[in-house]
Structures are given as C-alpha cells and as structure tokens.
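Structure first, commentary second.
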Amino acid sequence: MSTNTTDDKKKVTTSRIIAMKARGEKIAMLTAYDYTMAKLIDEAGIDMILVGDSASNVMVGNATTLPMTLDQMIYHAQCVSNGVSRALVVCDMPFGSYQGDSIEALRSAVRIMKESRAEAVKIEGGEEVRESIERILSAGIPVMGHLGLTPQSINKFGTYAVRAKQEAEAQKLIADARMLQEIGCFALVLEKIPADLARRVSEELTIPTIGIGAGGGCDGQVLVMHDMLGLNKGFTPKFLRRYADLGTAVNDAVGHYIDDVKTGDFPNESEQY
Ligand code: KIV
C-alpha cells in the first residue's frame with residue numbers, strides 16, 4: 001500500500017513547486033525514462049519526474065552521461081510524458097547541447113519542449129552557462145539548475161566524490177545558486193555536497209533546492225529510480241536508500257519462468273486456446 005501523503009490529482013506546475021517550498025512542504029522527485037515506470041510513479045503521487053541523462057548509465061550501460069544525445073533525451077522524455085498526468089516532467093539537457101552557444105542552447109531546449117512535451121529543462125553549471133540559461137528562460141521555458149557534483153564534468157573533476165568541501169568551491173556554489181535564482185530558475189538540484197552547505201543555500205533561496213546526497217536540509221530530494229528500487233545492485237553510495245529489491249525479484253521471477261518452460265509446466269491447460 002502506498003504511504004504517500006497526497007490525494008491531490010491536480011497537475012504539478014513550476015509555480016506549485018515554488019509554493020510548496022513557501023509552505024514548507026517537501027518535494028519528492030525521481031528519475032524515469034520510459035512510459036510504464038513513469039505511469040507507475042506518477043500514479044504513486046511523485047511531484048516531479050526527471051528524465052535524467054543518467055539514462056546513459058541505467059538504460060544504455062555507459063560509464064558516464066556524456067554520450068547521451070539530444071535525440072535520445074527527446075525519445076526518453078516522449079516516453080515519460082506519455083505516461084504522466086500529474087507530475088511535472090523535467091528533461092535534462094544533454095552534454096554538448098547548451099554549453100558553447102546560447103542560440104544552440106535555445107534551439108536544443110525548444111526541440112525538447114516541442115517534441116517531448118517535457119515541461120521544463122535541467123542544466124548543469126553556474127556562471128559559465130548563464131547566457132544559455134537566460135536565453136532559454138527568455139523563451140518562456142522553465143529551467144532547473146544543477147550545482148555541486150555535475151556528472152557531465154566528470155572529465156574535469158576526475159572523480160564522483162563529494163564537491164564543495166573547500167571554502168573556495170563552496171563560495172562559488174553559493175554565488176552560482178544566488179545567480180540562478182536571480183535570473184529566474186524555478187528550482188535547483190544540489191548533488192553530493194556537504195549537508196551544512198546545502199542547508200545554508202536552501203535557507204537563503206526562495207526557490208526550492210532538490211538534493212541528491214546533499215542531506216536533509218534541502219527542500220526536496222531526487223533519486224535515480226533504478227537505484228532506489230534495487231535494480232542497480234552494484235551502485236551503493238552512502239546517500240542511497242533502497243526502497244525495494246526489484247533486482248532480486250526479477251532474477252527470481254525469471255528463474256521460476258525458465259524452470260516452468262523447461263519442465264513443461266508453462267503453459268498449462270488454462271493458459272492455452
Ligand atoms: O541525470 C540524473 O539522473 C540527474 C540526477 C542524479 C539529479 O541529474
């Protein structure tokens with residue numbers, strides 16, 4: 001039985017997300033990449049669904065998010081949008097689709113909105129991508145920021161370790177967070193940073209912060225669905241809480257099916273025409 005607290009079937013919008021922070025209501029977000037899972041988590045009452053470029057890892061099997069293309073992100077976001085009636089659908093802008101040129105960034109964002117029916121885009125980075133974010137916002141496209149560990153920069157960081165532990169990086173993150181709010185982002189993902197820093201940013205901003213590995217002081221939380229459902233058994237970071245062991249359930253069910261086929265138990269009389 002679901003334990004979610006909302007019976008509210010009203011469509012979630014960016015302004016409702018901001019209002020949730022204002023009244024102190026925590027925001028729950030998960031990733032999804034396909035119709036069936038998006039429909040299930042939407043029916044369970046999730047507030048926002050992120051079509052993350054983590055699809056590169058959990059759907060495609062790549063080591064990083066960098067190979068994901070704009071066409072692939074649009075395809076996954078179309079699949080998700082088809083399954084969702086309540087949650088706000090946010091689509092990641094993939095590596096290379098917004099960094100170099102703000103006009104190219106706007107074109108990429110417009111394609112996502114037109115072709116996938118996502119309702120907002122998410123962009124990694126601060127001051128260095130400000131112009132791209134401003135141009136996208138000026139076209140009426142809501143943008144969610146993403147600071148801290150930004151996986152598209154893995155080749156610069158060299159590691160997926162906690163970010164902004166040093167004062168200089170923490171100060172840049174705070175300045176970037178203020179700037180993202182000021183130019184009009186509706187929310188901000190904070191990934192893998194010290195909990196004290198995330199709390200400080202969350203207390204200062206009026207737009208909601210959505211944490212992943214950033215502690216309980218954030219206004220909401222996001223997890224990769226495959227990780228929290230236990231479908232991705234090899235991934236065990238400290239911040240991850242597993243809510244199910246679907247990996248084992250799938251292995252057991254498939255093993256059972258194989259046995260039934262091999263022994264001739266499946267199909268039986270009632271399962272044939
Ligand atoms: O791609 C993704 O799933 C993300 C979340 C981890 C925030 O960006």
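The values are calculated or read from the model by the stated rules, or taken from the named source; none is laboratory data. A quick note: this is a predicted structure, and the numbers were derived from the prediction, not measured. Don't worry about glycine lacking a Cβ; one is built from the backbone with ideal geometry, like all the others, and counts go over all protein chains shown. Side chains included, ligands, DNA and RNA excluded: accessible areas come from the protein's heavy atoms. Shrake-Rupley method; radii C 1.70, N 1.55, O 1.52, S 1.80 Å.
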*Of these, 66, 40, which one is within 13 Å of the ligand (Cβ to nearest atom) and over 14 Å from the mean Cα position of the chain (by Cα)?*
66
*Using the structure shown, decide if residue 100 is assigned to a loop (DSSP other than H, G, I, E, B), over 30 Å from residue 206 (Cβ atoms), modelled with pLDDT under 95 and open to solvent by 10 Å² or more (accessible area, probe 1.4 Å).*
yes
*Report yes if some residue within the stretch 12-35 is in a helix (DSSP H, G or I), within 14 Å of the ligand (Cβ to nearest atom), in contact (Cβ under 8 Å) with a residue 60 or more places away in the chain and surrounded by 12 or more Cβ atoms within 10 Å (Cβ to Cβ); otherwise report no.*
no
*Report, by residue number, each residue of the stretch 162-180 that is among the small types (Gly, Ala, Ser) and part of a helix (DSSP H, G or I).*
168, 170, 175, 177
*Any idea which residue in the stretch 43-56 is surrounded by the fewest Cβ atoms within 10 Å (Cβ to Cβ), counting only those that are part of a loop (DSSP other than H, G, I, E, B) and away from the ligand (no atom under 11 Å from the Cβ)?*
44
*Would you call residue 59 at pLDDT 95 or above, in contact with an Asp or Glu (Cβ under 7 Å, 6 or more places away or on another chain) and either within 11 Å of the ligand (Cβ to nearest atom) or open to solvent by 10 Å² or more (accessible area, probe 1.4 Å) (or both)?*
no
*Taking only pairs six or more apart or across chains, which ones have beta-carbon atoms under 9 Å, a first residue in the stretch 42-59 that is on the phi > 0 side of the Ramachandran plot, and a second residue that is surrounded by 24 or more Cβ atoms within 10 Å (Cβ to Cβ)?*
45/87
*Pull up the stretch 113-130, narrow it to residues that are over 27 Å from residue 192 (Cα atoms) and part of a helix (DSSP H, G or I), then point me to the one that is nearest to the ligand (Cβ to nearest atom).*
116
*Out of all the residues in the stretch 69-78, is one or more farther than 16 Å from residue 31 by Cα and open to solvent by less than 40 Å² (accessible area, probe 1.4 Å)?*
yes
